[in-house]
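Asker: Before I ask anything, here is the structure I am working with.
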Amino acid sequence: MLAINMDDVINVLNSCKPYLIALGIALALAIIVTVACMKLKKPVKKLVRKEAWIAFLMAAVVIINLICFIPMSSMISLAMGNGTITEETSNEATALCEDIADEGIVLLKNEDNILPLTNTQNINVFGWASTNPCYGGTGSGALSDAYETTTLLGGLEDAGYKINTELTDFYKAYREDRPEVGMWAQDWTLPEPTADSYSDELINNAKEFSDTAMVVITRVGGEGADLPTDVSKVTYTDNSENYKDFEAGEHYLQLSQTEKDMLDLVCANFDNVVVVYNGANTMELGFLNDYKQIKGAIWCPGTGQSGFESLGAVVAGTVNPSGKTSDTFVYDLTATPTYNNFGNFLYDNMDEFAATSKNFGTGEEEATIPSFVNYVEGIYVGYRFYETAAVEGLIDYDKTVQFPFGYGLSYTDFEQKMGDVTVADGKVSFDVTVTNNGTAAGKDVVEVYYNPPYTNGGIEKASANLIDFAKTDVLQPGESQTINVSFSEEDMASYDTYGNGCYVLEAGDYEISINSDSHNTIASQTVSVADTVVYDENNARSTDDVAATNQFAYAQGDVTYLSRADGFANYAKATAAPSNFTLAEDEKAEFLNNSNYDPNNYNNDSDEMPTTGAKNGMTLADMRGLSYDDEKWDTLLDQLTVSDMDTMIALGGYQTSAAASVGKVMTVDCDGPASINNNFTGTGSIGFPSAVMIANTWNKDLALSFGESIGKMADEMEVSGWYAPAMNTHRNAFAGRNFEYYSEDGVLSGKMAANAVIGAEKYGVYAYIKHFALNDQETNRTGMLCTWSNEQAIREIYLKPFEIAVKEGGAKAVMSSFNYIGTQWAGGTYPLQTTVLRDEWGFRGFVLTDYFGVYGYMDSDMGIRGGTDCMLVAYDTETNHVTDTTSATGVKAMRQASKNIMYTVVNSRAYDPENLKTGLMNWQIIAIVIDIILGVLVIFLEVLTIKKYKKDAAEEPVKTVTETSAE
C-alpha cells in the first residue's frame, strides 16, 4: 500500500489556501472590531462584539462549506468509503495466494534428487535474508500491514521442519529490519554477517543439528528506482570494515563479497546444500555451478502474504513444483544487449526545456532536463536474442544462458507427444498428449513456439517465438491429458517497418514446435505458407478494426538497431553505450512540454462547437448496456456542462468524478497490482504473489482466479476500478518494477493479464492495464524520458501484452505512462492512445494518466487531444484542468474524453442496480444537517444577542448634565 506523500498533502493545503486566507481575514476583522469598539457605550460595545463574532461564525461556516464542497470534495468523498472485505472472501484470497505460489515456485536444480527433503526434518537455514525475505515490492505493489504474513521460516516450519533457531537468533541479533528500498528512499545495503563472525560453536552445533543446509539469497526492487548497476554509486553500508561488499563497477544482481564468504563457509561444512533465490529480478546464479555441495536450487519470487507456505510444501514434496521461468537467466548480466542502453542519459542541448518539479520520491524541488533511452536491441529481447544469436553463431549458448525462458524441473517425469498439425480457415491446430511417466503426481506446461522463415537482411525475425501455452491438470502417475492447441496463422506475421509498413506473413516454412523451454525442442512439424500475405489497409488482420500501419516513425530516432543480418554483424556497434547526447535539431523542433505547448496552436477551424448544457431529461444510467456507438450517447452528451466535463477530466485520482448534468455518480478506484488497497480509508486486501510469480505458473486459469478474487474484494470494498494489471516488458534485469510486470515475453504477459482483466470484470470491476507504453525503467521516468525504438519492436514486443489484454481480455481502462515516446509524452501521443489503441485494436473505454505530478510536461489539454481522458490526481494542479474550454476543438476533445470515461463507468459494478447510489453522498447529507444545526444556532445566538442588548440598554442609567453658573 502506498504511503502518504507529503507533497500531496502540501498541494491539497495549497488548493485550500484562498479559503483559509479568507477565513483569516474574517478572524482579523472580528478581532479588529472587538478592539475598535472599546470606547462605545457598554451595551453597544457588547452588541458590536457579539455581532462581530456571530458574523465570524457565519463566515467560518460558509468558508468551511466551500472548502469541503469545492477543493476538498473529492478527497473527503474518497476518505468516507466504508466498504469492507468479508472474512470468507479474505480467506479465499489467502488460499489462492498459496495456489499461485504452489505453481509459481521454480525448481532450477535438483542433483541427486536432493529435493524434496524427505530424509531429514531438521534444516539449517543460512543467510540473513531468511529472517527478512522479499514478499513483493515497494510503491503501488507493496503489501498491506493489516494481514498476517507467513514468513519464510514459518512456511518451512508449517511444512513440518524444525529450524535451527540458534542461526535464526544470530541473524536477528545482527539486524532486525531490512533496509528500506522504497519510493521515497533507497538503502541498497544487503545485511549479512561476515564469515568470521560465525563462531566454531555455532557451526559445530549446526552440523550436529542437521547435515542439510539451505541458503537464502534475496534481492528486493520496487517503484521509483532501478536496481544499481554500480553499487559503489548508491547508498550502501558494507558489512565489514576490512573489505567492500561490491567493488566499483559491480552490480546488485551478483553476490556480495559477504554472501560469497558465507557460501564458502556453508559449503565447506555441509555436503547437502539447497539455495533459495528469493527475488523477482533475474540474478546471476553461476555460483550454483561453482560448488559441488549445492545440489538443489529454487527460484521463489515475492510470495505475497501467505506464499511462503508453498515454499515449505515444495521443499517437503507435498507440492510438486510446476513453475517455469518467465525470464531468461544468464551468467553475465553486463553482457546483455540492453546493458549499455539502460539508465541515466541526459541530453546536452535541451536546457531551454528544463523544468522544476517536485521529485516523485523525495518531494523536493529539483530541476529536470530531458533524458533519453535507446531500445537498440529492437525485437531481440530476452530469449528471442539468445535463441537467435545461438542459431547465428554469435554466442555459445551453454556458456551464456544458465536457465532458458520457460525452464523448470519437476519431481516426476512427463512425456509430451505432438499430434498432426492441420491448417484450416487460417487456423493452425494440433493436439498435445501429456503423460506422467514418473512416480509423483504433478502438472506440466505445454509450450508452443514457432520459427519463421528468415531472409538475410530482410524483416527481422527471431528463431524462437512463444505463440501459445497451456497447463495440464494434476496428473497422477501413468495418467495422460490431451491439450488442444489452436492459433491463427496471422499471429506468426512479422511487422515490416521498412517495406510494406504493416504486418506481413512471408511465404515459406514455419517450424511449429512444442518445447520444454525456449531452447529445447520436444517435437516439431512444419507449416508451409505458399504465398506472402500482406496485412495492409485493404487486408487487415482479423483481429484489427483497421489495419496496423506505420505510426511511430517519429520514435525511431538516430539509433542503430540490432539486426540479425550477417549473423548479427552490427552487434558491437548497435549495443554500444550512447556516444551522442545531442538531440537532432529536427527532432528537437518537435519536442513538447509545458514550456512550449499551446492547445490553440492545434485547433481545427473546421470543428463545430458541440451542444452543452441541454435539458434532454436523460441520465447516464439510461446508457447501461448500450453500444458505444449508440446514437443516444449524443443526446446524453449534449446535456454535459463544460464544468462537469472539466471536473471529470481533471480529477481522476483514485476516482471518477460525479457529473450532475447527466446524473453520473462518483466511483472509487484503488491501487494494485498485487492487491486492492484504498489509500484513503486504509482498507485493503491481502497481498498476492508478485506478477513474476503469477507468470511463472504459466497457468491462465490461476490468472483468471486472481482477477476474480481482486474483483470480488473490490466489489465488497465498493471499489469499481483497479490500477492493474501491470504488463510492461522485462527489457532489462535491473528494472526496479520488474516484480510488478510479468515477463520478458509479450504473449505470456498478455495472456496472463487478459485473464486477470476478465476475472475482475466478472464482478463489474474495470482493470486499468498499465503502463501504456514503453515504461520499462524507473530511472528518469518522470524526467521527460525520450524513449527511442523502431516500429517493429514497439508493436511486436512492447505493445503486444496490451494488445492481447484489449483484444482477448476486453479491457475497458488503460493507464498511460510517464515516459515520452520519441519527443512526445506517451499520454499525449495520438498515434498510441487513439490510432493504435482505439482505431486498430477497437478499445472502448478510457485512458487515465499515471500519477499526475505535472513534472513540467503533463497537461490535460495535450492529454485529451491525444487520447488520454483523465488525470490521476485528486486536487488542483497547474495543468490538470483544461485551459481551452472555448474552442470547438477543445470542447470536442472534452466531450470525447467524458464519453470514454462514462462508457466504462456505466458498464461497471457502480451502475448495477443494487450498487447505484444517486443523490448526495452520506458525508454531504451530514454536512447539510450540521449546517442546519449551525444555522439554527446562529439565529438563536442572534436572538439572544438582541434581547440582551435591549435589556442592557433599558437598564443603562441615564446621565443628566447640570448647568452651573460661575461664581
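The values are calculated or read from the model by the stated rules, or taken from the named source; none is laboratory data. Quantities reported herein were computed from a predicted structural model and do not represent experimental measurements. Heads up, the Cβs are rebuilt from the backbone with ideal geometry, glycines too, and the neighbour counts pull from every protein chain shown. Heads up: the accessible areas ignore ligands, DNA and RNA and are worked out on the full protein's heavy atoms, side chains in. Shrake-Rupley method; radii C 1.70, N 1.55, O 1.52, S 1.80 Å.
Asker: Only one of (1) at pLDDT 95 or above; (2) assigned to a loop (DSSP other than H, G, I, E, B) is not met by residue 214, so which one is it?
Answerer: Going through the list (1) at pLDDT 95 or above; (2) assigned to a loop (DSSP other than H, G, I, E, B), residue 214 breaks only (2).
Asker: Let me ask another. Is it fair to say residue 435 is hydroxyl-bearing (Ser, Thr, Tyr), open to solvent by 30 Å² or more (accessible area, probe 1.4 Å) and not in a loop (DSSP other than H, G, I, E, B)?
Answerer: No.
Asker: Here's something else I'd like to know. For the stretch 672-701: of the residues being surrounded by fewer than 24 Cβ atoms within 10 Å (Cβ to Cβ) and not in a loop (DSSP other than H, G, I, E, B), which is modelled with the lowest pLDDT?
Answerer: 684
Asker: Looking only at the stretch 735-753, count how many residues are open to solvent by less than 10 Å² (accessible area, probe 1.4 Å) and under 12 Å from residue 702 (Cα atoms).
Answerer: The total comes to 2.
Asker: Tell me the residue from 732, 728 that is part of a loop (DSSP other than H, G, I, E, B), closer than 24 Å to residue 466 by Cα and under 15 Å from the mean Cα position of the chain (by Cα), please.
Answerer: 728
Asker: Being open to solvent by 10 Å² or more (accessible area, probe 1.4 Å) and in a loop (DSSP other than H, G, I, E, B) is the filter here; which residues of the stretch 883-913 pass it?
Answerer: Scanning the stretch 883-913 gives 883, 885, 886, 887, 907, 912, 913.
Asker: So which residues in the stretch 506-545 are open to solvent by 70 Å² or more (accessible area, probe 1.4 Å) and aliphatic (A, V, I, L, M), if there are any at all?
Answerer: 522, 530
Asker: Counting just the residues of the stretch 151-203 that are over 21 Å from residue 270 (Cβ atoms) and of a type in the set (Ser, Thr, Tyr), which one comes out surrounded by the most Cβ atoms within 10 Å (Cβ to Cβ)?
Answerer: Among those that are over 21 Å from residue 270 (Cβ atoms) and of a type in the set (Ser, Thr, Tyr), it is 189.
Asker: Residue by residue through the stretch 565-581, note down the ones that are charged (D, E, K, R) and closer than 17 Å to residue 789 by Cα.
Answerer: Matches in the stretch 565-581: 573 only.
Asker: Could you list all residues from the stretch 67-104 that are at pLDDT below 85, assigned to a helix (DSSP H, G or I), surrounded by fewer than 17 Cβ atoms within 10 Å (Cβ to Cβ) and small (Gly, Ala, Ser)?
Answerer: 79
Asker: Here is a further query. Only one of these conditions is not met by residue 555: (1) within 19 Å of residue 462 (Cβ to Cβ); (2) surrounded by 13 or more Cβ atoms within 10 Å (Cβ to Cβ). Which number is it?
Answerer: That leaves (1) as the condition not met.
Asker: Write out, first by first residue and then by second, each pair whose Cβ atoms fall under 7 Å of each other, whose residues are 6+ apart or on separate chains, and whose first residue, in the stretch 623-639, is among the aliphatic types (A, V, I, L, M) while the second is exposed (fewer than 14 other Cβ atoms within 10 Å of the Cβ).
Answerer: 623/632; 626/632
Asker: Sticking with this one: Could you look through the stretch 618-643, keep only residues that are over 21 Å from residue 843 (Cα atoms) and of a type in the set (Asp, Glu), and pick out the one that is surrounded by the fewest Cβ atoms within 10 Å (Cβ to Cβ)?
Answerer: 622
Asker: Residue check: is residue 646 in contact with a His (Cβ under 7 Å, 6 or more places away or on another chain) and either surrounded by fewer than 24 Cβ atoms within 10 Å (Cβ to Cβ) or farther than 29 Å from residue 93 by Cα (or both)?
Answerer: When the stated conditions are applied, residue 646 passes them.
Asker: Next question. Answer with yes or no whether residue 386 is in a loop (DSSP other than H, G, I, E, B), more than 19 Å from residue 225 (Cα to Cα) and either touching a residue at least 24 places away in the same chain (Cβ under 8 Å) or open to solvent by less than 30 Å² (accessible area, probe 1.4 Å) (or both).
Answerer: Spelling it out, it is not the case that residue 386 is in a loop (DSSP other than H, G, I, E, B), more than 19 Å from residue 225 (Cα to Cα) and either touching a residue at least 24 places away in the same chain (Cβ under 8 Å) or open to solvent by less than 30 Å² (accessible area, probe 1.4 Å) (or both).
Asker: Ok, one more. Exactly one condition in (1) outside any helix (DSSP H, G or I); (2) within 30 Å of the chain's Cα centre (by Cα) is not met by residue 295; state its number.
Answerer: Checking residue 295 against (1) outside any helix (DSSP H, G or I); (2) within 30 Å of the chain's Cα centre (by Cα), the one that fails is (2).
Asker: Scan 349, 344, 340 and give me the residue that is part of a loop (DSSP other than H, G, I, E, B), in contact (Cβ under 8 Å) with a residue 40 or more places away in the chain, open to solvent by 60 Å² or more (accessible area, probe 1.4 Å) and not assigned by the TED database to the domain that holds residue 731.
Answerer: 344
Asker: What pairs come out if I take residues in the stretch 481-509 that are within 19 Å of residue 537 (Cα to Cα) and pair them with residues that are hydrophobic (A, V, I, L, M, F, W, C) and open to solvent by 50 Å² or more (accessible area, probe 1.4 Å) whose C-beta lies under 7 Å away, six or more apart or interchain?
Answerer: If the second residue must be hydrophobic (A, V, I, L, M, F, W, C) and open to solvent by 50 Å² or more (accessible area, probe 1.4 Å), the pairs left are 489/423.
Asker: List, please: which pairs have Cβ atoms under 7 Å, are six or more places apart or on different chains, and start with a residue in the stretch 42-66 that is farther than 14 Å from residue 950 by Cα and open to solvent by 80 Å² or more (accessible area, probe 1.4 Å) and end with one that is part of a helix (DSSP H, G or I) and at pLDDT below 90?
Answerer: Close Cβ pairs satisfying both conditions: 53/30; 58/938.
Asker: Would you confirm whether or not the stretch 777-794 contains a residue that is crowded, with 24+ Cβ neighbours inside 10 Å and over 28 Å from residue 348 (Cβ atoms)?
Answerer: no
Asker: While we're here: Restricting attention to the stretch 395-418, report how many residues are closer than 20 Å to residue 464 by Cα and open to solvent by less than 60 Å² (accessible area, probe 1.4 Å).
Answerer: Residues in the stretch 395-418 being closer than 20 Å to residue 464 by Cα and open to solvent by less than 60 Å² (accessible area, probe 1.4 Å): 13 in total.
Asker: Name the single residue, out of those in the stretch 844-880 being among the small types (Gly, Ala, Ser) and either part of a loop (DSSP other than H, G, I, E, B) or under 17 Å from the mean Cα position of the chain (by Cα) (or both), that is nearest to residue 625 (Cα to Cα).
Answerer: 845
Asker: Take the residues in the stretch 702-716 that are open to solvent by less than 10 Å² (accessible area, probe 1.4 Å) and of a type outside the set (Phe, Trp, Tyr); name whichever of them is farthest from residue 471 (Cα to Cα).
Answerer: Among them, the one singled out is 714.
Asker: Can you name the residue in the stretch 275-288 that is touching a residue at least 60 places away in the same chain (Cβ under 8 Å) and assigned to a helix (DSSP H, G or I) and, of all such residues, is surrounded by the fewest Cβ atoms within 10 Å (Cβ to Cβ)?
Answerer: 286
Asker: Please specify each residue of the stretch 298-320 satisfying the condition of being open to solvent by less than 10 Å² (accessible area, probe 1.4 Å), under 24 Å from residue 685 (Cβ atoms) and under 26 Å from the mean Cα position of the chain (by Cα).
Answerer: Hits for the stretch 298-320 are 300, 301, 302, 303, 304, 305, 306, 307, 308, 310, 311.
Asker: Still on this structure: Just give me the residues in the stretch 230-268 being surrounded by 21 or more Cβ atoms within 10 Å (Cβ to Cβ), over 30 Å from residue 205 (Cβ atoms) and of a type in the set (Ser, Thr, Tyr), in sequence order.
Answerer: Listed by number, the list holds a single entry, 252.
Asker: For the stretch 109-131, how many residues are modelled with pLDDT under 95 and open to solvent by less than 40 Å² (accessible area, probe 1.4 Å)?
Answerer: Residues that pass the stated criteria total 1.
Asker: Which condition breaks for residue 780 when tested against (1) within 20 Å of residue 549 (Cβ to Cβ); (2) in a loop (DSSP other than H, G, I, E, B); (3) not acidic (Asp, Glu)?
Answerer: Here residue 780 meets the rest and fails (1).
Asker: Quick check: anything in the stretch 479-490 under 19 Å from residue 407 (Cα atoms) and open to solvent by 40 Å² or more (accessible area, probe 1.4 Å)?
Answerer: There is no residue in the stretch 479-490 that is under 19 Å from residue 407 (Cα atoms) and open to solvent by 40 Å² or more (accessible area, probe 1.4 Å).
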